[in-house]
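A.B. asks: I'd like to ask you about the structure that follows.
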2 protein chains.
Amino acid sequence: MALSGFKNLYGVILAGGSGTRLWPISRELYPKQLLKLFGNKTLIQQTFSRLKKIIPPEKIYIVTNQSFEEDIYLQLKGLGMIRENILVEPAQRNTAPAIALASKKIFNKDKSAIILTCPADHLIKPDKEFIRAVKIAFPVAQNNFLVTFGITPTHPSSEYGYIKINSKNKVYKVEKFIEKPDKEEAEDLIKKGGLWNSGIFIWKAKIILQEIRKNIPEVYKAVKSQSYLSLQPISIDKGILEHSKKIRAIPANFQWQDIGSWKSLYQLLPKDSAQNVLNEKVLESGCQNCLIYGSQKRIVAAIGLEDLIVVDTEDAVLVSHKEKTHEIKALLEKMKKNNFPQYLQHPTTYRPWGSFTVIEERKNFKVKKVVVKPKEKLSLQFHKQRSEHWVVLKGLAKVELNDKIFYLKPHQSIDVPVEVKHRLINPGRENLEIIEIQSGDYLGEDDIIRIEDKYAR
Amino acid sequence: MALSGFKNLYGVILAGGSGTRLWPISRELYPKQLLKLFGNKTLIQQTFSRLKKIIPPEKIYIVTNQSFEEDIYLQLKGLGMIRENILVEPAQRNTAPAIALASKKIFNKDKSAIILTCPADHLIKPDKEFIRAVKIAFPVAQNNFLVTFGITPTHPSSEYGYIKINSKNKVYKVEKFIEKPDKEEAEDLIKKGGLWNSGIFIWKAKIILQEIRKNIPEVYKAVKSQSYLSLQPISIDKGILEHSKKIRAIPANFQWQDIGSWKSLYQLLPKDSAQNVLNEKVLESGCQNCLIYGSQKRIVAAIGLEDLIVVDTEDAVLVSHKEKTHEIKALLEKMKKNNFPQYLQHPTTYRPWGSFTVIEERKNFKVKKVVVKPKEKLSLQFHKQRSEHWVVLKGLAKVELNDKIFYLKPHQSIDVPVEVKHRLINPGRENLEIIEIQSGDYLGEDDIIRIEDKYAR
């Protein structure tokens, strides 16, 4: 699929952000890029597919952190993602160190590499216009410029960064970057032809590394010496773009959104005649200008609401005025302090082989529902501190216990004692669903000794 | 505890109302009178305890319908309720038939009976003032009057009925009953000394039955002939009070509330400095004049809300403007039409021996968590169409299977095949908790053949 003429073009997707601004559907351990907000692909799947139209999968890299690595690979392996191309940052230190890390890796492989860098969680359409912009930008990057894609503003937003330009050609010289101006300044910038900074860049690996070494040498050093952990977080905008003389901007004609809040998501979604965005789990009466999402097993009754965001999930519900959802940050801090698990993750966790949902959790036992996809299997493992008891609800289970094999149908059950090597396999053609009851004094997910793992964990 | 001098005084508690105005904490099958809204007693427990101060338990009757019978007995048996005194109406036909039914029952037993009739779900305090009012009313009832307790209005509410009086003694003659007047009429009634009709009455069984026979003979006949089902619903106010010449009103000095909406509940509860009513599952920022309740295993994040009611439960959440909660009625009709179980009952059902919660329900299986109280046991039973599988989570289980006895500790499990007689017993001193997995083509609660039941069901 990759276009010819771009043979030294590489892609870097920045996917380390633990966005919690869309809580409760995003969580610290399940950020925005992993969510299906539009259609049936997640934002990172959309981003990967877009890049694949001009860059072969083996040249697409992802920078993320350990928490998201497995989920990202799970979402992208079907699209051709190479596992080794997922680069795991030692710590989250904003975009400059992440870009330095990926650029160094690629430069070591290909000194002539030109890198298209983009965030994993932006909404862009149509892909055709995106590719057109890359085609225009590519030769500018070949001429040793750092190229950023500028978006024509639709309103004087205070959520984005602006690029002040000083020429009116197809390729603009950049006068200044202005991060999140107030409304008046934004209006003034727009009047003078200023653009939104999309956070999407194209440049030579060699040039961006030179600029990093010159402007933020501590970042350059950290990537070489692995002293990453001691870095202060710094964005590529603050670190490089605001200082470098080599910046050019390309006006982009694609639609672009960085969904930074529930309000901006509301604005993007199709609305009914009362300007509401609702799903099928909502029953409403007399609501206006609201986004109301119910979750699968529950319902939301909404009466006489205006300008509200109501988002219900399995374990938490957000009810917020539409203009105030940014205040969720402080509440998440409170949740963290009070050890509410809701700040961190969803009750359902996705794995390469299926998923599990914690139904009940207490000091000495945990009840989970486990779903194994057809023909998939979990790792061969044992636990030092817990025994398990499995009851089949649906499908067929093949169970290895030490060296014996058992087959279980719905309603049959089996005990897995402490320290016994075991593996759960779905040999059938439909999902296998079991209830797992864990019992023991310590039930942490880290009490798992893997002997053999299809997914090399 | 009963006061001397009241020896022919009986109590009738009307507990048949399936109030859904406090949905989602009340449900069609779990009405307001069964809820703990204030303190650690439910409204019906408070009502029963109040009557017990002047009437011995064996003289207190409850009229309800079959759906609530078990829950009511469960809540009151510890307070001395006599099971046989729970009268089950063949159908819900408003207050007049319910009062006729109970009055007839009591009259047949004691021709001189004087009956204190009151709804199960009113909030009244202090009990002392209530008893004082009954003492004043008792001799008036002995003089063959129908006595109603009138409440001094605190505001021109359109939710209540009014009594227009025409004298200014301790005992008022009643000129007229006015049901739910508009605000202006209510203001006018209050100016002229009108009172709220509390729905609490005292009268001779003989007299009220005479009045029923005279004014609504079809109701009198239905109670005698059991043609109850064909009755049109009719209230005692419309049927008797608006026509009878024998009415007197006693001004009551107790605080009285018929909690007919979330708004009136909000008004009654203690508020914080921002006029919010919150519980410990709520994290809020900048909310005002709101009632926000979170449920046990979930959390609610509330941001920038004003004048809202937010009530979260295990399977449903209500978000409503405070002035519009009455619109829930239409939404409940929709739920009913769409077979959402949330209109009908809670996922957790209480039984004499403990409780069960439906965790997951599908076509061919159901997963429940069952809690059995210490020393309690379920009925000896079998099922024609389902097998069951029990896994002990906590406590000790004694299981009868046909004629064998098994003891199970946490993490042990047992199969209960179709048609096998079984019984679950908690022989221990702590709660027994099990996971029950039901499997079969039909999983209705009515596939249960009870052979022996401690609770005589």
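The values are calculated or read from the model by the stated rules, or taken from the named source; none is laboratory data. Keep in mind the model is a prediction, meaning the values are calculated, not measured. Cβ: placed from backbone, ideal geometry, glycine included. Neighbour counts: every protein chain shown.
A.B. asks: Restricted to segment B:269-294, and to residues that are among the β-branched types (Val, Ile, Thr) and either under 21 Å from residue A:341 (Cβ atoms) or in contact with an Asp or Glu (Cβ under 7 Å, 6 or more places away or on another chain) (or both), which residue is farthest from the other protein chains (Cβ to nearest Cβ)?
C.D. replies: Of everything passing the filter in segment B:269-294, B:282 is farthest from the other protein chains (Cβ to nearest Cβ).
A.B. asks: Can you tell me how many residues in segment A:211-238 are under 17 Å from residue A:108 (Cβ atoms), touching a residue at least 24 places away in the same chain (Cβ under 8 Å) and among the charged types (D, E, K, R)?
C.D. replies: Count: 1.
A.B. asks: Being among the aliphatic types (A, V, I, L, M) and either assigned by TED's automatic domain parsing to the domain that holds residue B:316 or under 31 Å from the mean Cα position of the chain (by Cα) (or both) narrows it down to one residue among B:344, B:401, B:408; which is it?
C.D. replies: None of the others qualify; the one that does is B:344.
A.B. asks: Here is a further query. So residue A:296 ticks every box in (1) in the same structural domain as residue A:273 (by TED's automatic domain parsing); (2) surrounded by fewer than 19 Cβ atoms within 10 Å (Cβ to Cβ); (3) assigned to a strand (DSSP E or B) but one. Which box is left unticked?
C.D. replies: Condition (3) is where residue A:296 drops out.
A.B. asks: Go through segment B:42-69 and count every residue that is closer than 25 Å to residue B:231 by Cα, of a type outside the set (A, V, I, L, M) and in contact (Cβ under 8 Å) with a residue 40 or more places away in the chain.
C.D. replies: The total comes to 5.
A.B. asks: Got at least one residue in segment B:200-220 being in the same structural domain as residue B:89 (by TED's automatic domain parsing) and closer than 27 Å to residue B:21 by Cα?
C.D. replies: The answer is yes, given that some residue of segment B:200-220 is in the same structural domain as residue B:89 (by TED's automatic domain parsing) and closer than 27 Å to residue B:21 by Cα.
A.B. asks: So for segment A:263-277 (the condition being within 25 Å of residue A:91 (Cα to Cα), of a type outside the set (Asp, Glu) and touching a Ser or Thr at 6+ places or on another chain (Cβ under 9 Å)), does at least one residue qualify?
C.D. replies: Scanning segment A:263-277 turns up no residue that is within 25 Å of residue A:91 (Cα to Cα), of a type outside the set (Asp, Glu) and touching a Ser or Thr at 6+ places or on another chain (Cβ under 9 Å).
A.B. asks: Moving on to the next point. Keeping to segment B:263-280, report how many residues are among the polar types (S, T, N, Q) and more than 14 Å from residue B:305 (Cβ to Cβ).
C.D. replies: Here the count works out to 4.
A.B. asks: Moving on. All but one of (1) surrounded by 15 or more Cβ atoms within 10 Å (Cβ to Cβ); (2) modelled with pLDDT under 95; (3) polar (S, T, N, Q) hold for residue A:339, so report the exception by its number.
C.D. replies: (1)
A.B. asks: For segment B:367-382, state whether one or more residues are part of a loop (DSSP other than H, G, I, E, B), under 17 Å from residue A:367 (Cβ atoms) and at pLDDT below 95.
C.D. replies: Within segment B:367-382 (the criterion being part of a loop (DSSP other than H, G, I, E, B), under 17 Å from residue A:367 (Cβ atoms) and at pLDDT below 95), the answer is no, since none of the residues qualifies.
A.B. asks: Related question: Just for segment A:27-41: of the residues that are more than 9 Å from the chain's Cα centre (by Cα) and touching a residue at least 24 places away in the same chain (Cβ under 8 Å), which one is nearest to the other protein chains (Cβ to nearest Cβ)?
C.D. replies: Checked segment A:27-41; the qualifying residue nearest to the other protein chains (Cβ to nearest Cβ) is A:27.
A.B. asks: Please enumerate the residues belonging to segment B:1-57 that are β-branched (Val, Ile, Thr) and either surrounded by fewer than 22 Cβ atoms within 10 Å (Cβ to Cβ) or part of a loop (DSSP other than H, G, I, E, B) (or both).
C.D. replies: B:20, B:25, B:42, B:54, B:55 - these are the residues of segment B:1-57 that are β-branched (Val, Ile, Thr) and either surrounded by fewer than 22 Cβ atoms within 10 Å (Cβ to Cβ) or part of a loop (DSSP other than H, G, I, E, B) (or both).
A.B. asks: With (1) assigned to a strand (DSSP E or B); (2) at pLDDT 95 or above; (3) more than 28 Å from residue A:433 (Cα to Cα) as the list, and residue B:423 as the residue in question, which single condition is left unmet?
C.D. replies: Residue B:423 satisfies every listed condition except (3).
A.B. asks: Which condition number in (1) touching a residue at least 40 places away in the same chain (Cβ under 8 Å); (2) within 14 Å of chain B (Cβ to nearest Cβ); (3) under 14 Å from the mean Cα position of the chain (by Cα) is the one that residue A:24 fails?
C.D. replies: (3)
A.B. asks: Being polar (S, T, N, Q) and crowded, with 24+ Cβ neighbours inside 10 Å is the filter; apply it to segment A:299-336 and report the residue that is modelled with the lowest pLDDT.
C.D. replies: The residue in question is A:325.
A.B. asks: Restricting attention to segment A:385-416, which residues are assigned to a loop (DSSP other than H, G, I, E, B) and either closer than 17 Å to residue B:364 by Cα or more than 14 Å from chain B (Cβ to nearest Cβ) (or both)?
C.D. replies: A:395, A:396, A:402, A:403, A:409, A:410, A:411, A:412
A.B. asks: Report, by residue number, each residue of segment B:302-322 that is in a strand (DSSP E or B), in contact (Cβ under 8 Å) with a residue 60 or more places away in the chain and either more than 22 Å from the chain's Cα centre (by Cα) or more than 8 Å from every other protein chain (Cβ to nearest Cβ) (or both).
C.D. replies: Hit for segment B:302-322 is B:311, nothing else.
A.B. asks: Hey, among B:260, B:286, which residue is within 17 Å of residue B:321 (Cα to Cα) and at pLDDT below 90?
C.D. replies: Exactly one of B:260, B:286 is within 17 Å of residue B:321 (Cα to Cα) and at pLDDT below 90, namely B:260.
A.B. asks: Would you pick out the residues in segment A:323-377 that are among the aliphatic types (A, V, I, L, M), within 11 Å of another protein chain (Cβ to nearest Cβ), touching a residue at least 60 places away in the same chain (Cβ under 8 Å) and closer than 30 Å to residue B:304 by Cβ?
C.D. replies: Of everything in segment A:323-377, those that are among the aliphatic types (A, V, I, L, M), within 11 Å of another protein chain (Cβ to nearest Cβ), touching a residue at least 60 places away in the same chain (Cβ under 8 Å) and closer than 30 Å to residue B:304 by Cβ turn out to be A:328, A:332.
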